[in-house]
Each structure stands twice: as C-alpha cells, then as structure tokens.
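The structure appears below as structure tokens.
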Amino acid sequence: MTQRDTVRLLCKSIVTRLENNKAITFPPRLRQIVQDELFGLVGPYIMTDQDIKEKAVARMGAKAESLSETGLAESDQFKAAKAVVRSGLGEDELNGFYFQKSLKEIASQIVQYLMRSSHIDDVYETDEDLEKQIVEVVKKFNPADLH
C-alpha cells in the first residue's frame, strides 16, 4: 500500500464516520464516488513522507551540481534536501501527514463539499459539528494501526 492510499483510507474513514453517526446520508451505491471526490478535494493538501521524499529527490536532481560541490555524502545531501522540503511545509504535521492548510480549513472544505455535493442526500449536522467530527477522525487516524 502506498502512502497516497493511506490518505484515501483517511477520506474513507471520514465518510464512514459521518455516515455511521447519521450526520450525512447518501445512496450506498455512491459511497465510492463520495470517497473519491473527497480524496480529490483534500488529497492535494495532505502530503505524506513519500511525497516529501519524492520532492526531495526532485530537488536534489535539480540542484545536484551545487550539492555535489558541498562535499556532503549523497545520503547527507538527501537529508538536507528533505529538511528543506519539510521546512516549507509549516508546523501542521499529524501521524505522518503534512497538511498544506490547517486542519480546520481542510475540515471546512469537506463540509462545503458535503453541503454542495449532488451525491449527498442530506446533511443533519451543523457546519461546526461536522467540522468537529472530521477533525476528530483525522486526529485519531493513525496509519501505523493499518498494518
């Protein structure tokens, strides 16, 4: 399983929790569509260690010549590139996920999606209650428990 799949599982967990809590309803045949749309919405704002590694490798490739002049070993160059990538992500890290927006902003985006989506039949909670439930799912979600 890739780490992007872990972000997909996070989105699935959010949808399942809201559905089980009777906060939202939708036809069961649309469950996968709702989960995929949610992943498409928030996936770009949630990075994983794998994403950081790929960015660091890309950064190393772009700056390989200047890094080689520093005399650092290749692993040290990679560590330095990874540190530069991580430093640009801000402080929003939770259970191996690096959030490009605050968790509250992401939860708000999800709520707006739920309110507008033609795939969701009804929403029974207030925006604030939905956001609270979403944040709670994200905070409790631990990719290490999936293995």
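Which pairs break 19 Å Cα to Cα here: Lys55/Lys140; Lys22/Lys101; Lys104/Lys132; Lys12/Lys139?
Values: Lys55/Lys140 27 Å; Lys22/Lys101 27 Å; Lys104/Lys132 9 Å; Lys12/Lys139 14 Å.
Among Lys55/Lys140; Lys22/Lys101; Lys104/Lys132; Lys12/Lys139, the Cα-Cα distance tops 19 Å for Lys55/Lys140; Lys22/Lys101.
In square nanometres, what is one fourth of the surface area of the convex hull spanned by the alpha carbons of region 93-147? Could you put the intermediate results ahead of the total?
Values: hull surface 18.2 nm².
For the Cα atoms of region 93-147, the hull's average projected area reads 4.6 nm².
Taking the Cα-to-Cβ direction at Ser13 and at Ala144 and moving 7 Å from each Cα, how far apart do the two end points lie in nm?
So the two model labels end up 1.3 nm from each other.
What spacing in nm lies between the two simple spin-label points modelled at Asp49 and His119, each 7 Å away from Cα in the Cβ direction?
Placing both labels 7 Å along Cα→Cβ, they lie 3.0 nm apart.
Can you work out the Karplus-derived ³J(HN,Hα) for every residue in region 106-122? Use 6.51 cos²θ - 1.76 cosθ + 1.60 with θ = phi - 60°, whole Hz, and x for glycine or proline.
Those phi angles translate into 5, 4, 5, 4, 5, 4, 4, 4, 4, 6, 9, 5, 6, 8, 9, 6, 9 Hz.
Can you run the Rg to Rh ratio on region 1-60? Use alpha carbon positions and the Kirkwood inverse-distance Rh. Don't skip to the answer; put the middle values down first.
Details: Rg = 14.3 Å, Rh = 12.8 Å.
For region 1-60, the value is 1.12.
Out of residues 5 or more away from Phe26 or on other chains, whose amide H comes under 5 Å of its own, with H placed 1.01 Å from N in the peptide plane?
Placed amide hydrogens put Asp121 under 5 Å from Phe26.
Please find the FRET efficiency linking Arg29 to Asp5, where r is the Cβ-Cβ separation and R0 is fixed at 25 Å, and quote it to the nearest 0.05. Walk me through the numbers before you get to the answer.
On the way: r = 22 Å, r/R0 = 0.90.
That pair, Arg29 with Asp5, gives E of 0.65.
Taken together, the values in this text are just the output of simple stated rules run on the coordinates, not laboratory data. Since the model is a prediction, treat every value here as computed from it, not as a measurement. Note that each Cβ is placed from the backbone with ideal geometry, even for glycine, and that neighbours are counted across all protein chains shown.
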